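Following: one structure in structure tokens, then a few remarks.
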Amino acid sequence: MKKQYVVFGGGKFGASIAVTLQELGCEIILVDKNPEVVQDLADHVSYAICANVEDPETFDNLGMHNLDGAIVAITENLEASIVTTMMCREMGIPRILAKSKNRMHEKILISVGAHKVIYPEVEMGRRVAKYLVADNFTDWIELSPRFSLVEMDLPSQWRGKSLAELRIRERYRLNVVGIKEGDTVDVTPDPKKPLQPGMVLIVVGENKDLEAFED
């Protein structure tokens, strides 16, 4: 059975999530008060509905009782963001992700029912900054304040050697959790298989160990 989600707000962030979830096989309800936004997204999601979330009847008409999750991607109207999050919680939606404008907004969203609050612009900014200063890493994703996941091109001196030979965990306190070759990702790499040019290692570790490896 397809998972069902409702996305409130059809801006860049909300639209991106809605369309991506739809492409991943989910059933998506997109809600926005702007009819032009709804029209633009109508062909890309299961249902695109023009409605004002500040109207209490909106939630009764959406039939949201059996949804798997809700994404509240509204930030330009704080009251609408807060009310929508609160209504999603009251209707028993098991997973509620909300976009926040600032720390105070985050605290309010959590207090009224959001399970996770994100700052897309801040998180992307941190990710880009990490990428810019990490010469050996092609991507850097923070998993928590302490741990990160990075992608790194295979160092030339590692070519032809296996993960078992390199002893990356013992020597650098880092864990190789996958290997990319083109569009293919192997999340259970053979530790005895020689590494080849063009491979990209997906590595998880503590930030201090990643930074030490960089140095």
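FYI, it's all coordinate maths here, none of it is from the lab. Note that the structure is predicted; figures quoted are calculated from it, not measured. A quick note on method: Cβ atoms are made from the backbone with ideal geometry, for glycine too, and the neighbour counts reach across all protein chains shown.
Could you check region 133-215 for strands (runs of 3 or more DSSP E) lying wholly inside it with 2 or more residues that are among the acidic types (Asp, Glu)?
Output list reads 137-142, 147-153.
Region 4-105 holds strands (runs of 3 or more DSSP E) entirely within its bounds, and those carrying 1 or more residues that are among the charged types (D, E, K, R), buried (at least 19 other Cβ atoms within 10 Å of the Cβ) and touching a residue at least 40 places away in the same chain (Cβ under 8 Å) map to 96-99.
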